[in-house]
Amino acid sequence: MTGRRLVQKPWWKTALGLVLTAFMLFPVYWMVNVSLTQTSDLRSDPPHWFPLHPTFEGYTAVFQQQLPALGTSLLVGLGCVALTVVIAAPAGYALALLNLRGGRTLNFLLLVAQMIPAVVMAMGFYAVYNSLGLLNTVGGLIIADSTVAVPFGVLLYTAFMSGIPRELLQAARVDGAGAWRTFRSIVLPVSRNSTLTVSLFAFLWAWSDFIFASTLNRNGELIPITLGIYNYIGNNTTQWNAIMATAVVASVPATVLLVVAQRYVAAGVTAGAVKD
Amino acid sequence: MTTTEALATAGAPSGVDRQPPRPRRRRGPAVSQWTAVGFAAPLLVYLILFYVYPLWRNIDLSVHDYTIRAFVQGNAEFVGFEKYAEVFSSSTFPTALWNTAVFTVVSIVFQYAIGLALAVFFRSGFRLSGLLRAMFLVPWLLPLIVSASTWAWMLNSDNGIVNSVLAAFGGEQINWLTSPDTALLSVTIANIWLGIPFNLVILYSGLQNIPGEVYEAASLDGAGPWKQFWSITFPLLRPVSAITLLLGLIYTLKVVDVIWIMTTGGPGDASTTLAIWSYREAFGTGQPDFSPAAAVGNLLILIALVFGFLHLQLQRRQEDS
């Protein structure tokens, strides 16, 4: 933080910052505004800039129709978090602290894996799931969604665990702890922040996923909220207030996580986060 | 060695994953290779089942003639590279290639330029700068379908706010999403907006690694902010810039959601990129045509890998220096 100059803080910079932020976040404001607009006012020209007579019709519709979809998304998100952490944490341990042979190659493969377009993975998964009967299942969707988060998670864990002081591990070994004990009672607790960052991104990616949902789960009984919005757009293009209300509700997890876990978000982005 | 490490050591702003630099080779605890393999086993099995196998099936799709019937029965005819030849000679191919290039290059150039300008601005530190910088992350965290449908409604020809503002200034109505002249532009604008936060955060953390004394020395020499930017900030930021741009390139090549939700690649092929083309052939129409879709997809992987290797090369070079 050496670069921060504390000498002068001109007010005009704050003003400019506010203007820029308002400009940047205008689409978000607009989404909320439209979600509160009366259906009869949606087509008015010019559009209403402020929801002077707000209506909650849109939100009522969301909670009547989209609750199962929200539940599915929550389930998929949490499943994806669990799967990602269970696979990534021990792998990070092996790569960072156990001198796994071929570790460099594995690291390299994980980087390459992050570059593969989701649409290609979706096609491959479609073919595989078609033969295994996993199409339109929540489990299948969890696995497909986790392919975005697992390479990221392993790389993040590896980077963090490499920095754990060896003395700590040595002390554990002197006390007679094996590799598994060391992992469970020292490495994992120390890596808590990494676990939070990985979980946060695994959840957000799964929650936001559209490509896998729209390909592997499109005829599923349990559809996630992204697909709920998409079908909504297709079926009734006039009710944009209801569509935007669904969009607002679908944005809640992201907003909550940004507020309560901002530093983990920043850490994840800086760690070369992937978003496709 | 990895993106994660390079950027994490480039300065995680919050210090969450800050770590001491890793010595080249260190002896770990005395455990056998079997233990190490055991801990990595779930990942290895996972990679084989859920990366290698689907990708192999994808190649398999592209060298067979998979009709829907053949897909269900599993007796597609082997056709070698015929599907690739079909893709290359298709009239969509040059359009999709050109659109991909335009969409990607324009997106990353603007994302980078705006992200850098904002990073420099936020670095100067002012009241509320931390809070506002956090707010800038919001577009990045929203589900893509949310942002894309919001943009679609904002750019709506008859009822969109953008046209309404243009009209207030005496502009004409523009059919943003439905005219072949502006469809690609519209999705590119939305995509630039989406990418700004990522660029801002990475470039901002890169800026924080430039010691403040350099600037102090420069201002003693009488260099103004403009001069300081071009003679200090920009050159010292070059490694971080290169990585940001390459990552942006690799991610932008893959974009499907935004374009599909806003225009479905249309009108015609006006906003069809390679990724959209592949998605549309396989899933976008009532008549799934997996073989050409897989061929386009594999082509896309190839392009992504070329830039991916460039990225790794760049990173390795930085590690050595």
Can you tell which of B:R280, B:R316 is in a helix (DSSP H, G or I), open to solvent by 50 Å² or more (accessible area, probe 1.4 Å) and not aromatic (F, W, Y)?
-> B:R316
Can you tell me which residue among A:T55, A:T60, A:T72 is away from every other protein chain (no Cβ under 12 Å) and loosely packed, with under 14 Cβ neighbours inside 10 Å?
-> A:T60
Taking first residues from the range B:280-291 that are within 16 Å of B:A76 (Cα to Cα) and second residues anywhere that are surrounded by fewer than 18 Cβ atoms within 10 Å (Cβ to Cβ) and modelled with pLDDT under 80, the pairs with Cβ under 7 Å that are 6 or more apart or on different chains are B:P288/B:I68
Residue count, the range A:209-231 (criterion: assigned to a helix (DSSP H, G or I) and in contact (Cβ under 8 Å) with a residue 24 or more places away in the chain) | 9
Some residue of the range A:1-14 being outside any loop (DSSP other than H, G, I, E, B), more than 10 Å from chain B (Cβ to nearest Cβ) and open to solvent by 70 Å² or more (accessible area, probe 1.4 Å) | no
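From the list A:N231, A:N219, A:N241, A:N235, which residue is at pLDDT 85 or above, surrounded by fewer than 22 Cβ atoms within 10 Å (Cβ to Cβ), of a type outside the set (V, I, T) and within 30 Å of B:N156 (Cβ to Cβ)?
A:N231
Yes/no per residue for (1) within 11 Å of chain A (Cβ to nearest Cβ); (2) buried (at least 18 other Cβ atoms within 10 Å of the Cβ); (3) farther than 30 Å from B:A190 by Cβ:
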{"site": "B:Y53", "(1), (2), (3)": "yes, no, yes"}
{"site": "B:S62", "(1), (2), (3)": "yes, yes, yes"}
{"site": "B:F71", "(1), (2), (3)": "yes, yes, yes"}
{"site": "B:S90", "(1), (2), (3)": "no, no, no"}
{"site": "B:V105", "(1), (2), (3)": "no, no, no"}
What number of residues within the range B:143-179 satisfy the criterion of being at the interface with another protein chain (Cβ under 7 Å from one of its Cβ atoms), in a loop (DSSP other than H, G, I, E, B), modelled with pLDDT of 90 or more and open to solvent by 10 Å² or more (accessible area, probe 1.4 Å)?
-> 0
Considering each residue of the range B:272-296, count those that are of a type outside the set (A, V, I, L, M, F, W, C) and touching a Pro at 6+ places or on another chain (Cβ under 7 Å), and give that number.
-> 1
Those residues of the range A:242-253 that are within 13 Å of A:L42 (Cα to Cα) and facing chain B (nearest Cβ under 10 Å) come to a total of 2
Within the range B:287-303, is there a residue that is crowded, with 23+ Cβ neighbours inside 10 Å, more than 16 Å from B:E82 (Cα to Cα), among the small types (G, A, S) and at pLDDT 85 or above?
-> no
Could you check, for the range B:146-157, whether at least one of its residues is within 21 Å of A:F201 (Cα to Cα), without any contact (Cβ under 8 Å) to a residue 12 or more places away in the chain and not polar (S, T, N, Q)?
-> yes
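Restricting attention to the range A:54-84, which residues are β-branched (V, I, T) and touching a Phe, Trp or Tyr at 6+ places or on another chain (Cβ under 9 Å)?
Here is the first cut: in the range A:54-84, the residues β-branched (V, I, T) are A:55, A:60, A:62, A:72, A:76, A:81, A:84.
Residues satisfying the conditions are A:V76, A:V81, A:T84.
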Is there any pair with a first residue in the range A:133-154 that is closer than 20 Å to A:S194 by Cβ and a second that is open to solvent by 40 Å² or more (accessible area, probe 1.4 Å) whose Cβ atoms are under 7 Å apart and which are 6 or more apart or on different chains, and what are they?
-> A:S146/A:L83; A:T147/B:F50
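Kindly evaluate A:A22 against the criterion of being modelled with pLDDT of 85 or more and closer than 20 Å to B:S164 by Cβ.
Details: modelled with pLDDT of 85 or more: yes; closer than 20 Å to B:S164 by Cβ: yes.
So A:A22 fits the description; yes.
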Within the range B:255-271, can one find any residue that is assigned to a loop (DSSP other than H, G, I, E, B) and at the interface with chain A (Cβ under 8 Å from one of its Cβ atoms)?
-> yes
Residues (within 12 Å of chain A (Cβ to nearest Cβ) and in a loop (DSSP other than H, G, I, E, B)) located in the range B:73-88 | B:G74, B:A76
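The values are calculated or read from the model by the stated rules, or taken from the named source; none is laboratory data. Given the structure is predicted, the values throughout are model-derived calculations rather than measurements. Note: ideal-geometry Cβ built from the backbone for every residue, glycine included; neighbour counts use all protein chains shown. Heavy atoms of the whole protein, side chains included, go into the accessibility calculation; ligands, DNA and RNA do not. Shrake-Rupley method; radii C 1.70, N 1.55, O 1.52, S 1.80 Å.
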